[in-house]
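**Q** Below you'll find the structure I mean.
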Amino acid sequence: MLNFEFKNPTKIIFGKGEIKKIATEIPKDAKVLMVYGSGSIKKNGIYSQVKKTLAEFDFLEFGGIPANPEYSVLLDALDIIKKENINFILAVGGGSVIDGVKFLSSAALYEGNEPWDILTKSIRTYKGIPFGTVLTLPATGSEMNSSSVISRKETKQKLGMGGPGLFPVFSILDPEVVRSIPQRQIANGITDAFTHVLEQYMTYPIGALLQDRFAESIMQTLIEIAPKIISDPSDYNMASEFMWCCTMALNGLIQKGVPGDWAVHAMGHELTALYGIDHARTLAIIAPRHYEYNIGSKKEKLAQYAERIWAIKSGDTLEKANAAIEKTEKFFNSLAIKTRLSEYTDDYTDTGKFVEEAFIKRGLNGIGEHRSLTPADARKIIEMSY
Ligand code: NZQ
Ligand code: ZN
């Protein structure tokens, strides 16, 4: 196992009816900004539950954070935070709202002129305005990690930021919120969480037995519950498993002591920036081709995954590895997720070239667990995904 340090300060409050605990977690004298998305919380009752709980606080609200949180919209919220001396933010939403709030938390204390620099110059955040979350969509793990991804339409960019100052103080995980999530978003959540595990697992063996089994148990659970939660999102037990899997897939635990790949996400973000394809779907487009392209260096872990997750017992290492890639793609397809770029857009012929150029421009010269995948390799993988 590699050396590691692990600290995750986010308090998780999990279960039915727990949204009301917001009132005991936010400091009583705080001036709060409640931030939410495009309005789903007004239809499913979460908005009224949160407002009722916030009644005793001095608070304002800001709605309208779009999926793939948009920089220009966030700047409007930032204005309010500064003008109104907000000192606590409450995110009520999925990954987009939570990521948007992480940006606000950081930008509110940032002393430079242009908050976009936090993203382009990879400025880590050691201190931000404190914030809590009420998770409405299991998928990203943002409720228990310190990363955020922000989009800017104007420049066709989608960039990450983070730092130890960006963990939520608390996150409320009430699986009852799952009942109103459309099938498409549930499929996205399963695919995103599954790929988060793959990014931290599908590298090379280093003998981290427990870490491998943590990762495998999350993938097995997601495969087991996927058809059930998709057919009945009001099944509380399945919703609980789904929610906790998504959080555990990206709260830092399974990444400790092992190499990480994250090339699938790096390429996937470019597809969202170019075409607006849902985050999870970009991962399903890239992952199978990425594993095929890199089968030489990933075959041992692919074969272990084949045996333990998909019960593939016959064949040599390479055959098992190939069979596992096929199973993974079929799993995504079973969630009604398409795995070819041409199934999402007609305008794909230059995508590989565009991503190659974007990576060169950003100095992203070596990605993946060996930092050896070049922009030219990314181009080839994307071209294989057409
Ligand atoms: O806008 P609202 O009204 O909230 O509606 C949302 C949105 O339309 C809706 N929704 C959320 N909860 C619902 C609901 N609809 C009905 N009932 C509910 N209970 O679902 C739609 C999608 O929401 P969004 O927050 O965009 O989805 P997700 O949680 O998948 O977040 C995606 C964003 O997170 C980033 C992605 O890149 C993308 O920008 N990621 C963040 C990560 C992190 N911070 O660690 C890691 C991930 O890899 C990912 O990159
Ligand atoms: Zn993801």
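Throughout, read-outs are computed from the coordinates displayed, never taken from laboratory work. Being a predicted model, the structure only gives us computed values, none of them experimental. Please note: Cβ atoms are built from the backbone with ideal geometry, for glycine as well, and neighbour counts cover all protein chains shown.
**Q** What do you get for chymotrypsin sites (Phe, Trp or Tyr not before Pro) in the stretch 114-213 restricted to DSSP loop and a cutoff of at most 13 other Cβ within 10 Å of the site's Cβ?
**A** Y126
**Q** Just to confirm my numbers, what's the Cα centroid distance between the stretch 83-119 and the stretch 152-225 in Å?
**A** 22 Å
**Q** Out of the GluC sites (Glu not before Pro) in the stretch 1-104, which ones are loop residues according to DSSP with at most 16 other C-beta atoms within 10 Å?
**A** Taking the stretch 1-104 and a limit of 16 other Cβ atoms within 10 Å, the loop GluC sites (Glu not before Pro) found are E5, E56, E84.
**Q** Once both axes come from the Cα atoms, what is the angle between helix 183-201 and the longest principal axis of the chain, in degrees from 0 to 90, rounded to 10?
**A** 60 degrees
**Q** If neighbour count is taken as other Cβ atoms inside 10 Å, put F14, F88 in order from fewest to most.
**A** F14, F88
**Q** For helix 209-231, report the angle its Cα long axis makes with the longest principal axis of the Cα atoms of the chain; keep it between 0 and 90° and round to the nearest 10°.
**A** Computed tilt is about 70 degrees.
**Q** Could you give the length gained on full extension between S231 and R371, defined as 0.36 nm per residue of separation minus the Cα-Cα distance, in nm?
**A** 46.4 nm
**Q** Can I ask one more? Considering only the chain, what is the antiparallel percent among its DSSP beta bridges, to the nearest 5?
**A** Of all bridge pairs located within the chain, approximately 25 percent are antiparallel.
**Q** Can I ask one more? Quickly work out the N44-to-D79 label distance, labels modelled 7 Å from Cα along the C-beta direction, and quote it in nm with one decimal.
**A** 3.0 nm
**Q** Within the set of other residues whose C-beta is less than 12 Å from the C-beta of K42, count the net charge using Lys and Arg as +1 and Asp and Glu as -1.
**A** Cβ neighbours under 12 Å give a net charge of +1.
**Q** A further question follows. Which angle from 0 to 90°, rounded to the nearest 10, does the C-alpha axis of helix 317-334 make with the longest principal axis of the chain?
**A** Once rounded, one gets 40 degrees.
**Q** Something else about it: How much mean residue ellipticity at 222 nm does the chain get from its helices, if each DSSP H run of length 4 or more adds -39500 (n - 2.57) and you divide by all residues, to the nearest 500 deg cm²/dmol?
**A** -15000 deg cm²/dmol
**Q** If exposed means no more than 15 neighbouring beta carbons inside 10 Å and the site is in a DSSP loop, what's the longest run of the chain without any exposed trypsin sites (Lys or Arg not before Pro)?
**A** The segment 157-312 is the longest one with no such site.
**Q** Quick one: give the max-minus-min coordinate of the C-alpha atoms of the chain along each principal axis, largest first, in Å.
**A** The Cα atoms of the chain stretch 64, 46, 45 Å along their principal axes.
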